[in-house]
Amino acid sequence: MQPAIRVSVLLSSFVALCACTTTTFTSTWKAPDATALDPTGRRVAAVYIGTDESSRRAAEDVMVRKLEEEGADGIPSYSIIPSSEVANTDAVRERLKEERVDGIVTMRIVDEKQETRVRYGTPGPLWTPYYSQFWGYWGYGWGAPYTPTEVSTTTVLRIETLVYSLDRDKLLWAGTSRTSDPSNIPKLVEEVADAAVKQMVRQGLLAEPRVRGTSASQP
């Protein structure tokens, strides 16, 4: 099975064993000349790059919802670019132009790995003089009972998130994040999107919510 397909299957069927997932950005980059953007009213396409169509649709629907929470007019790329045309750059360019898209936000899984942790057990007590009397043995035995070795496995995905200005054909922001034990595609994308917004606000690319709509910048 190809890695990209295996990841899609994993995300569609994997049930997390822990109560929540964790997403952190391990690296980010902002174009030096990029100013704070106000996405209010801007037409922004959400693009999830992957081979599984159902995962693409689920991911882009969440991305659009997150874009709209920031005031943008989000559009899922699957609604205007069918899977049969994603490799046709000219066709994609024409469709985005027809839809008057100002900016693009993309997400792509770039790596998946398993991290295994082992916590070794401790042996129980061996024969000692405490064995000669029950109450001596009782306290000794319960003072150091055997504990088994525990093995836990964590699924870690590395996700690439990019923000482009379409009219300038320019990369404005890039980030690589790490998510542990994702339960499903929508949850994964929601966590990455929320973390990305915080990073972009912190780095001055995305205007604070309270000042959006006062001085819109071109995406």
Single condition S183 does not satisfy, out of (1) within 29 Å of D52 (Cα to Cα); (2) at pLDDT 90 or above; (3) polar (S, T, N, Q): (2)
Residue match in region 100-116 (condition: over 27 Å from E190 (Cα atoms) and among the basic types (K, R)): no
Some residue of region 110-126 being among the acidic types (D, E) and outside any strand (DSSP E or B): no
Residue match in region 96-105 (condition: over 30 Å from W29 (Cβ atoms) and either of a type outside the set (D, E) or surrounded by fewer than 14 Cβ atoms within 10 Å (Cβ to Cβ) (or both)): yes
Members of region 53-88 found to be modelled with pLDDT under 95, of a type in the set (D, E) and outside any helix (DSSP H, G or I), listed by number: E70
Members of region 55-106 found to be among the basic types (K, R) and over 26 Å from R158 (Cα atoms), listed by number: R93, R95, K97, R100
Meets criteria (free of Cβ contacts under 8 Å to residues at least 12 places away in the same chain and touching a Gly at 6+ places or on another chain (Cβ under 9 Å)) for Y130: yes
Selected residue (only one of S177, S183 is out of contact with any helix residue (DSSP H, G or I) (no Cβ under 8 Å at 6 or more places or on another chain) and either without any contact (Cβ under 8 Å) to a residue 40 or more places away in the chain or not in a helix (DSSP H, G or I) (or both)): S183
Any hit, region 104-113, residues being under 16 Å from the mean Cα position of the chain (by Cα), more than 23 Å from W173 (Cβ to Cβ) and of a type outside the set (S, T, Y): yes
Single unsatisfied condition, G74 versus (1) surrounded by fewer than 21 Cβ atoms within 10 Å (Cβ to Cβ); (2) under 16 Å from V192 (Cβ atoms); (3) not polar (S, T, N, Q): (1)
Some residue of region 59-72 being aliphatic (A, V, I, L, M) and free of Cβ contacts under 8 Å to residues at least 24 places away in the same chain: yes
Scan of region 38-66 for residues that are crowded, with 16+ Cβ neighbours inside 10 Å and either of a type in the set (S, T, N, Q) or in contact with a Lys or Arg (Cβ under 9 Å, 6 or more places away or on another chain) (or both), ordered by number: D38, P39, R43, A46, V47, Y48, I49, G50, S55, V62
Only listed residue being of a type outside the set (A, V, I, L, M, F, W, C), at pLDDT 85 or above and out of contact with any strand residue (DSSP E or B) (no Cβ under 8 Å at 6 or more places or on another chain), chosen from R178, R168, R210, R158: R168
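The values are calculated or read from the model by the stated rules, or taken from the named source; none is laboratory data. It should be emphasised that the depicted structure is a prediction, and the values quoted were computed from it without experimental measurement. So basically every Cβ, Gly included, is an ideal-geometry build from the backbone, and we count neighbours across all protein chains shown.
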